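Q: This is the structure I have questions about; it appears just below.
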Amino acid sequence: MSDKILRANSFDGSIRIFVADTTELVQKAHEIHDTYPVITAALGRSLTAAAMMGSMQKGNNDMISLQFKGDGPMGSLCAVSDCLSRVKGYVANSHVSLPPNDKNKLDVKSAVGEGTFFVMRDLGLKEPYVGQVPIISGEIAEDLTYYYATSEQTPTSVGLGVLVDVDGHVICSGGFILQLMPEATEETANLIEQNIIKLPSITEMMVQGLSTEDILLQITDGFSMLIQNKSITPLYACNCSRERVETALVSIGKKELESLLNEDGKAELTCPYCNHAYLFEKGDLEALIASL
């Protein structure tokens, strides 16, 4: 089964929900970045959230980025998505081993640490919109819930999970984002809250064999839901290219390029999202310098 994101609204317009299965893309991210289990979980949760948030965007060129800058051993983490839920991401340190937390789960909170959580929306304007909040949990889902409540004033519930096998393989990965619309009543909020309290974790439901539609209907039990016919297929995809890397090289300026040429005679740049290396030999650097 391939990854998917389902979207639905209640008939009365009071709630909207996104439910995602991101097992394959998180496995691909693990393979690209050679992540240890706790980092697979942190990055996987963030990529899942970014994929769902990407699908909320309206413009064809809109991009959204989630960035955690914490003081934990993982260092910074970034997850980026476009409007088609094509995601990519990276972490500063993919090789982090930590003992399980007091619930015998992967200790994502300790890997992230304390710091700041940023959400950047590039809507094609002169400057991207940047919202930031303190990292209140480090578990990713709770931090995103807090961000929505404080920066966007939207009552939101977020669930994210990545289950990793003992050999590091991703067994399953998924999540949901549920938001209350302005039409929502206190009764609606209470019913949704009770549903979510009774809910097993997202990975427990996936291991039990529940589909994204099953999970969606469990979360919204008691509501008449209109599920959009066409699901989205999220993918791990990097759009780097030699041309983009050339542009980055040119941006450092003629003096820096000349310094690279004189000291090393070449330059090698590696994309942080997909680890593809781009080599610029002596002749390439000379041509770039000449173009300036």
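Q: Most fluctuating residue of LEU43, LEU84, LEU261 in a GNM of the chain with Cα springs under 10 Å: which is it?
A: Most flexible of the set in this elastic network: LEU261.
Q: Could you state the accessible area per residue of the chain in Å², with a 1.4 Å probe and every protein chain left in place?
A: 50
Q: With angles folded into 0 to 90 degrees, how steeply does helix 37-55 sit against the dominant principal axis of the chain? Use alpha carbons for both and round to 10.
A: 80
Q: Please give me the summed charge of the neighbours of ALA51: other residues whose Cβ is under 13 Å from its Cβ, Lys and Arg +1, Asp and Glu -1.
A: Net local charge, ALA51 excluded: +2.
Q: For the chain, what does the helix formula give at 222 nm: sum of -39500 (n - 2.57) over DSSP H segments with n ≥ 4, over the residue count, nearest 500 deg cm²/dmol?
A: Per the formula, -10500 deg cm²/dmol.
Q: Measure off, as a whole percent, the carbon and sulfur share of the 1.4 Å-probe accessible area of the chain, all protein chains present.
A: 49
Q: Run the lone-cysteine check on the chain: no other Cys C-beta under 4.7 Å from the residue's C-beta.
A: Here CYS78, CYS83, CYS172 come out as lacking a disulfide-compatible partner, given the Cβ-Cβ threshold of under 4.7 Å.
Q: If you don't mind, another one. Would you calculate the convex hull of the Cα atoms in region 191-272 and tell me its volume per residue in Å³?
A: Hull volume normalised by residue count: 205 Å³.
Q: As a test of reading the structure, rank ASP221, ASP143, ASP122 by solvent-accessible area (1.4 Å probe, protein chains only), most first.
A: Order by accessible area, largest first: ASP221, ASP122, ASP143.
Q: Let me ask another. Over region 1-79, with a single point scatterer placed on each C-alpha, what log10 of the ratio I(q)/I(0) does the Debye formula yield at q = 0.17 1/Å?
A: For the requested q values the scattering log ratios are -0.77.
Q: Under the Kirkwood approximation applied to all pairs of distinct alpha-carbon atoms, what is the hydrodynamic radius of region 6-163 in Å?
A: 15.9
Q: Right, something else. Sum up the charges of everything whose Cβ sits under 13 Å from the Cβ of GLY222, counting Lys and Arg as +1 and Asp and Glu as -1, but leave GLY222 out.
A: Once all neighbours under 13 Å are counted, the net charge is -3.
Q: Compute the Kirkwood hydrodynamic radius of region 80-214, taking the inverse of the mean of 1/r over all pairs of distinct Cα atoms, and give it in Å to one decimal.
A: Result for region 80-214 stands at 17.3 Å.
Q: On to the next question. Using only the alpha carbon atoms of region 145-292, find the Kirkwood hydrodynamic radius as the inverse mean reciprocal pair distance, in angstroms to one decimal.
A: 20.2
Q: So, in Å, what gap is there between the alpha-carbon centers of region 183-217 and region 223-251?
A: 27
Q: From zero up to wherever the largest Cα-Cα distance of the chain sits, split into 5 Å bins and tell me the percent of pairs in each.
A: P(r) over the chain, rounded to whole percents: 1, 5, 11, 15, 16, 15, 13, 9, 5, 4, 2, 2, 1, 0, 0.
The values are calculated or read from the model by the stated rules, or taken from the named source; none is laboratory data. The shown structure was predicted, so the numbers you read here are calculated from the model rather than taken from an experiment. With ideal geometry, Cβ positions are generated from the backbone for all residues, glycine too; neighbour counts draw on all protein chains shown. The protein model used for the area step is the full one, side chains on, heavy atoms only, and it has no ligands, DNA or RNA in it. Shrake-Rupley method; radii C 1.70, N 1.55, O 1.52, S 1.80 Å.
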